[in-house]
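Contents: one structure, followed by commentary.
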Amino acid sequence: MSSTLPSQHRALVLETIEAGFQVKQVPTPQPILGTAIVRIAASGVISYLREIYNGERQYPFPTPLVGGTSAIGHIAAVGPDATLLQPGQLVFVDCVVRGRDNPSVMYLPAIHEGLRDGSRKLMRDVWRDGTMAEFAKVPLENCIPLDEARLCRGLGYSLQDLMYLHYLLVPYGGLRDIKLEPGETVVVCPATGGFGGAGVQVAIAMGARVIAMGRNEKELARLKEHVKKGTLGANIETVKITGDEGTDTAALQAYGIVDAVLDFSPPAASKSTHLKSAIAVLRRGGRCSMMGLAEDVMPGFKVVLDDITLKGKFMYEREDMLQFVKILERGLFPTGKNFTDTKIFTLESWKEAFDAAAEHTGIGKSVVLTP
Ligand SMILES: NC(=O)c1ccc[n+]([C@@H]2O[C@H](COP(=O)([O-])OP(=O)(O)OC[C@H]3O[C@@H](n4cnc5c(N)ncnc54)[C@H](OP(=O)(O)O)[C@@H]3O)[C@@H](O)[C@H]2O)c1
């Protein structure tokens, strides 16, 4: 089923890392079995997208490709096996591709080809392109329906603001994975980045008390104010990462029992001791979702004697997204500027967008490209 698709559309194409992106006219894909064609309204720009596409992060991906991660858009056409999705439906386009015949295959098209032959094959031959384009072909199951009437006209979210979902969903995946319960206390570290800040927002919405750790005291103060303004009675404390393990551990201990930790250490913080401090204050049976790239964190005796769970987590499950959308549609998140302040760029100004995203980061901040 399809509305009329143009034969060509504009897309942000990376021929080689050295050449950088160019806006090009490319053929519009057709909806075949198992796919949907989405008219993109906003494509998310994460804080370190520049580092991915200038090669600094050394993420493996083939070129040429259309750049981009997740997006918000409307279904333009669906393959013959669609049973729910129809043209006009608003959807969140998930950037995680999962092997349909192999649950071990999971990767990020246009970003990282994953660790297995199966994901490399899919990236090479089938699902390579991202969403920085007027239209994108995506797996049917990657389209998560959004109630546009409720979210946009009822709660007042703009399509661009809904892109903040791509930050919020990731910590939700980690927190759900370690079964965070309402009333529990969770340390989020570091909390001043894009995903870390979103983790604070999500944990508050899940009914937890949050201890947010970070190096930047000014940003920690902004984070606390943002949370308090958006959620009446929110339970939030902040602890500065000093670089001294003992000092940071003592500062966390002052807040009493800690049930869980959510870590988002970037490569630059892989040797920082903040995660060791956070794990050190976990109660017996405490859980830690390790979503970042921290190395050398294993406080052996503590983990063994206190039955601590250290659990890695890549992104989220499809079920997490469906559950999260229900929370958003019920109105359990702040709205307006208390949700997110979104900076909007065109495809042509991709460079400015990538630079802006590296600066305009942290809780309640988002950058999008609109084709
Ligand atoms: N598991 C997954 O599926 C998944 C998904 C998305 C992202 N990630 C990982 O999560 C990481 C963080 O994402 P993000 O969006 O929060 O990144 P970001 O926006 O780049 O922020 C980086 C954060 O790390 C802090 N930091 C940097 N260097 C540090 C150091 N030496 N010591 C202590 N803190 C330091 C920054 O603090 P300042 O504010 O003080 O600079 C900031 O809080 C990413 O780099 C990625 O590797 C994992």
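The values are calculated or read from the model by the stated rules, or taken from the named source; none is laboratory data. Just so it is clear, the model here is predicted, and its values are computed rather than measured. As a convention, Cβ positions derive from the backbone with ideal geometry for all residues, glycine included, and neighbour counts pool all protein chains shown. All accessible areas refer to the heavy atoms of the entire protein, side chains included, with ligands and DNA or RNA removed. Shrake-Rupley method; radii C 1.70, N 1.55, O 1.52, S 1.80 Å.
Annotation: of all residues in segment 30-73 being surrounded by fewer than 17 Cβ atoms within 10 Å (Cβ to Cβ) and farther than 14 Å from residue 110 by Cβ, the one that is farthest from the ligand (Cβ to nearest atom) is 30.
Considering 198, 221, 208, the condition of being under 25 Å from residue 93 (Cβ atoms), of a type in the set (Gly, Ala, Ser), in contact (Cβ under 8 Å) with a residue 12 or more places away in the chain and out of contact with any Lys or Arg (no Cβ under 8 Å at 6 or more places or on another chain) is satisfied by 198 alone. If you go through segment 250-265 one residue at a time, do you hit one that is assigned to a loop (DSSP other than H, G, I, E, B) and under 10 Å from residue 294 (Cα atoms)? Within segment 250-265, one or more residues are assigned to a loop (DSSP other than H, G, I, E, B) and under 10 Å from residue 294 (Cα atoms). Taken over segment 222-246, the criterion of being in a helix (DSSP H, G or I) and touching a strand residue (DSSP E or B) at 6+ places or on another chain (Cβ under 9 Å) is satisfied by 223, 224, 227, 228. Filtered by the rule that a residue be near the ligand (Cβ under 8 Å from one of its atoms) and without any contact (Cβ under 8 Å) to a residue 12 or more places away in the chain, segment 266-314 gives a lone residue, 268. Return yes or no: is residue 118 in a helix (DSSP H, G or I), open to solvent by less than 10 Å² (accessible area, probe 1.4 Å) and either among the aliphatic types (A, V, I, L, M) or in contact with a strand residue (DSSP E or B) (Cβ under 7 Å, 6 or more places away or on another chain) (or both)? Answer is no for this residue. Summed over segment 222-233, residues that are open to solvent by less than 30 Å² (accessible area, probe 1.4 Å) and at pLDDT 95 or above total 3. Residue count for segment 74-98 satisfying the condition of being open to solvent by less than 10 Å² (accessible area, probe 1.4 Å) and either assigned to a strand (DSSP E or B) or not aliphatic (A, V, I, L, M) (or both): 11. The residues listed here are 281, 258, 239; of these, the one that is in the same structural domain as residue 210 (by TED's automatic domain parsing), closer than 17 Å to residue 181 by Cβ and out of contact with any Asp or Glu (no Cβ under 6 Å at 6 or more places or on another chain) is 258. One residue is enough: does segment 297-312 have a residue meeting the conditions closer than 17 Å to residue 203 by Cβ and either buried (at least 21 other Cβ atoms within 10 Å of the Cβ) or of a type in the set (Gly, Ala, Ser) (or both)? Checked segment 297-312: no residue is closer than 17 Å to residue 203 by Cβ and either buried (at least 21 other Cβ atoms within 10 Å of the Cβ) or of a type in the set (Gly, Ala, Ser) (or both). The residues of segment 190-221 that are surrounded by fewer than 23 Cβ atoms within 10 Å (Cβ to Cβ), within 17 Å of residue 361 (Cβ to Cβ) and away from the ligand (no atom under 11 Å from the Cβ) amount to a single one, 221. Put simply, of 165, 151, 159 the only residue that is in a loop (DSSP other than H, G, I, E, B), within 23 Å of residue 367 (Cα to Cα), touching a strand residue (DSSP E or B) at 6+ places or on another chain (Cβ under 9 Å) and touching a residue at least 40 places away in the same chain (Cβ under 8 Å) is 159. With the structure loaded, tell me whether residue 175 is in a helix (DSSP H, G or I), open to solvent by less than 30 Å² (accessible area, probe 1.4 Å) and out of contact with any Phe, Trp or Tyr (no Cβ under 7 Å at 6 or more places or on another chain) or whether it fails that test. It is true that residue 175 is in a helix (DSSP H, G or I), open to solvent by less than 30 Å² (accessible area, probe 1.4 Å) and out of contact with any Phe, Trp or Tyr (no Cβ under 7 Å at 6 or more places or on another chain). Are any of the residues in segment 349-364 open to solvent by 30 Å² or more (accessible area, probe 1.4 Å), touching a strand residue (DSSP E or B) at 6+ places or on another chain (Cβ under 9 Å) and assigned to a strand (DSSP E or B)? Among the residues of segment 349-364, not one is open to solvent by 30 Å² or more (accessible area, probe 1.4 Å), touching a strand residue (DSSP E or B) at 6+ places or on another chain (Cβ under 9 Å) and assigned to a strand (DSSP E or B), which makes the answer no. Within segment 315-330, the set of residues being within 16 Å of the ligand (Cβ to nearest atom) and either open to solvent by less than 60 Å² (accessible area, probe 1.4 Å) or among the aromatic types (Phe, Trp, Tyr) (or both) comprises 315, 316, 320, 321, 324. Inspection of segment 248-256 identifies at least one residue that is aliphatic (A, V, I, L, M) and within 27 Å of the chain's Cα centre (by Cα).
Condition first: of a type in the set (A, V, I, L, M, F, W, C) and under 20 Å from residue 207 (Cα atoms). Now tell me which residues in segment 240-263 satisfy that. Of everything in segment 240-263, those that are of a type in the set (A, V, I, L, M, F, W, C) and under 20 Å from residue 207 (Cα atoms) turn out to be 252, 257, 258, 260, 261, 262.
If you take the residues in segment 238-265 that are touching a residue at least 40 places away in the same chain (Cβ under 8 Å) and open to solvent by 50 Å² or more (accessible area, probe 1.4 Å), which one is nearest to the ligand (Cβ to nearest atom)? Filtering first and then ranking leaves 255.
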